[in-house]
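Following: one structure in structure tokens, then a few remarks.
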Amino acid sequence: MKSNLKYQDITEKIIGASFEVHKFLGNGFQEVIYQRALAYEFEKAELTFEREIDQQIYYRDLEYPIGTRRADFVVDQKVLVEIKAVTELKNVHMAQALNYLKAYKLEVGLLINFGSKSLEFKRLVLSKK
């Protein structure tokens, strides 16, 4: 039975591309290596994406930004992709990805870890309430 997750068609392609990268490279490289390989796989999968775009962070009613953040990828202007190359995902990685979703005003994200023996990924959904 197929579920109806928001942007499932996009996230399936992203996860598939991630498996291809991990299958070829394995674990043990720096994030930037996985990021470059993933960009190649996204192009092969005909995904539209932006890489490391700056997003201004605002605080309360201040009219100026207090800083910027840079997510690894935004795919089809709908799905945030944050990659890691660590032995195990921790709560701080989840918190970072959720904060990026808020900053980029997106609902769906993927946190993908290439650093463990098997590829790990977490689907994140931020409700617009």
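The values are calculated or read from the model by the stated rules, or taken from the named source; none is laboratory data. Everything numeric here is computed off the predicted structure, so don't read it as measured data. Neighbour counts are summed over all protein chains in view; Cβ atoms, including those assigned to glycine, are modelled from backbone coordinates with ideal geometry.
At-a-glance table
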quantity: Candidates Ala17, Ala85, filtered to the one that is surrounded by 14 or more Cβ atoms within 10 Å (Cβ to Cβ), of a type in the set (A, V, I, L, M, F, W, C) and farther than 27 Å from Ser127 by Cβ; calculated: Ala85
quantity: Any hit, region 89-106, residues being without any contact (Cβ under 8 Å) to a residue 24 or more places away in the chain, over 24 Å from Val125 (Cβ atoms) and not acidic (Asp, Glu); calculated: no
quantity: Filtered residue count, region 32-56, keeping only those that are crowded, with 16+ Cβ neighbours inside 10 Å and assigned to a helix (DSSP H, G or I); calculated: 7
quantity: Residue pairs meeting the criteria (Cβ under 8 Å; at least 6 apart or on separate chains; first modelled with pLDDT under 95, in region 4-23; second part of a helix (DSSP H, G or I)); calculated: Leu5/Thr11
quantity: Long-range neighbours under 7 Å by Cβ, at least six apart or interchain, first residue touching a residue at least 40 places away in the same chain (Cβ under 8 Å) and among the basic types (Lys, Arg) within region 62-82, second assigned to a loop (DSSP other than H, G, I, E, B) and surrounded by fewer than 23 Cβ atoms within 10 Å (Cβ to Cβ); calculated: Lys78/Tyr7; Lys78/Leu106
quantity: Region 108-129, subset surrounded by fewer than 16 Cβ atoms within 10 Å (Cβ to Cβ) and over 10 Å from the mean Cα position of the chain (by Cα), residue modelled with the lowest pLDDT; calculated: Lys129
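Okay, residues lined up against (1) modelled with pLDDT of 90 or more; (2) within 20 Å of Ile14 (Cβ to Cβ):
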site: Glu46; (1), (2): yes, yes
site: Glu50; (1), (2): yes, yes
site: Gln55; (1), (2): no, yes
site: Tyr58; (1), (2): no, no
site: Tyr64; (1), (2): yes, no
site: Asp72; (1), (2): yes, yes
site: Gln77; (1), (2): yes, yes
site: Val81; (1), (2): yes, yes
site: Val86; (1), (2): yes, yes
